1. What residue among B:L132, B:L59, B:L102 has the largest mean-square fluctuation in a Gaussian network model of chain B, using Cα springs under 10 Å?
2. Please report how far the C-alpha centroid of segment B:231-278 lies from that of segment B:23-45, rounded to the nearest whole angstrom.
3. Taking the alpha-carbon set of segment A:153-237, what are its Rg and Dmax in Å?
4. Contour minus end-to-end for B:T209 and B:L126, with contour as 0.36 nm per residue of separation and end-to-end as the Cα-Cα distance?
5. With each run of n ≥ 4 DSSP H residues scored as -39500 (n - 2.57), what mean residue ellipticity at 222 nm is computed for the protein assembly as shown after dividing by its residue count and rounding to the nearest 500 deg cm²/dmol?
6. Taking just the alpha-carbon atoms of the protein assembly as shown, what radius of gyration and Dmax come out, in angstrom?
7. What is the average number of partner chain Cβ atoms found within 10 Å of a Cβ in B:5-11?
8. Quick one: angle between helix B:12-29 and the longest Cα principal axis of chain B, in degrees between 0 and 90, rounded to 10, please.
Amino acid sequence: MRWLWCLVLCGWMIVPALASHAPMSSGISQDEVSVTSTYNGTDILVFGAVADPANRDRIAITVRGPAEAVWVRRKTRVAGIWLNTESTRVSGLPGYFYLAQTRGTEPPLPPGRIAADIYASDTSGMSAPQRAAVSGLQKKGMYTDNALAEWLEGGLFRAHIPLPASAPRGRYTVQVYLFRGDKPPAISRHSFFVEQVGFEQRLYRFAHHLPLIYGLFTVAMAVLIGWLAAVLFRRRF
Amino acid sequence: MFLPIAEMSVHGGVILAMGFGVGFLSGMFGIGGGFLLTPLLMFYGIPPAVAVATGTSQLTAVTMSGVLTNWKRRTVDFRLGWALVAGGAVGALGGAGLFGWLQHLGQIETVITLSYVVMLGTVGALMLIETLRTLRCKTDDPVETRGPGQHRWIHRLPLKVRFAEARLYISVIPPVLLGVFVGLLSAVLGVGGGFLLVPVMIYLLRVPTAIAIGTSLFQILFVSALTTVFQAAGNYSVDIMLALILIIGGVVGVQYGVRVGARLRAVELRLLLALLVLAVAAKLLADIIVTPADLYSVTGAS
């Protein structure tokens, strides 16, 4: 179903692409991800088409989440107990990073050749805390640099970008690169937002803007349910 | 489902089961269950701040019915209760502040874990020893207590107040100090502190057992409620969705736990509880002693 939809969209896009002589055109499946109470992560579909497809064309897609500062803490053993002893604030890393490329007969490009700021694999120039921050994000499924983008027929391509439930909220940028021969890549850019909406958003705002009332509200809820349960169960048994 | 404050996706059924299980145990053993709920939530991956702050709101709901029952039976000494609550409010306020500071330093997990190990290890071991001794003697004889009216240091303190239901005429200072300490524990560890309040009231203040239990529930109700408010206002760490599921599971669990508990022998109950407490302590101890797989931990900088 999704595949079909992708084909239709690609078909619709390929015509203007060919007409304008742009080597590539692309799009994304949604420009807003709504975090609701049933949210459990989602998939973003990035798709597109190249004009005059050639055998050696390569497509690379990067997705970057909003930059988030994190605390990296290192444990050392103190009197037999593992304690956080050093802490460093690491900022400037995107909270989410994803890189997918198409695979042809040749090996995949090293991530550093696709974009200069790719963190996931090239950690050689980084400090130990920065490396730890990257590997921590990798473990949470926030950093991937070896995913696959697929070629479909007739110069169409697509990639699924999995967003875990805990991916940071904010603006994400998507860049699609077409590498053709030795020329610098053609790039197209998109962006989408991950946002709490509706009830969830109201709760979050409530908790942060009116924290005292929010706390009182939680307590009132607890007292009411506790009292209700006591009354109900006394009747039942 | 997605938790708005913890900002993570959890399985609603698992949380409901946790609430029910802890509620069941607290009904069965007559305990608050905070010391089980907080570590359980942490084992599941809920950030410690959210686990502690949200766990206390479940405590409020679960103790509510206990307080109502004891109120009807007139086994709450309100004057003593208010003295404890007054101390508890100060302790909880200080505790919420301490919590925020430790969180900022990145030491909150260690402090929580270590405190739990010490607290649960001690209480569990004491209970186990006492239970095994009782089992060996095959009798449930009451612990020897000195009769009221004996003069000890507690009776020499100033500001004496008459606590009618508790049949006491003592200084207001020890209950207030006890309240402060328990309030602090409540805010930092997410426990009600009944395991501490009840024995101290019985053995040190010489409060009759039924009144001690009723009054301690009264104190826990108010202090857990205050702690929830302080944590929400100061640390933004109360997750109302998580609280709702835990509370629903909890209040139902308690009712069934009470019924099962009534059918078991008191000594067997205490033995089970002691083993449970020691198991939690052992698991927590292992967490901080075993070399971690990753020496680095990454947390949000908020």
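1. Of the options given, B:L132 has the highest mean-square fluctuation.
2. 4 Å
3. 25.0, 81
4. Details: separation 83, 0.36 × 83 = 29.88 nm, distance 1.85 nm.
Full extension from B:T209 to B:L126 adds 28.0 nm.
5. Values: 15 runs with 283 residues, N = 539.
About -18000 deg cm²/dmol.
6. Reported Rg and Dmax, both Å: 29.1, 101.
7. On the way: counts 6, 1, 8, 3, 9, 2, 1.
The mean count of partner-chain Cβ atoms within 10 Å per residue comes to 4.
8. Roughly 10 degrees, rounded to the nearest 10.
Read-outs: derived from the displayed coordinates by stated rules, not from any lab. From a predicted model like this one, the values you see are computed outputs, not experimental measurements. Virtual Cβ from ideal backbone geometry, glycine too; neighbours counted across all protein chains shown.
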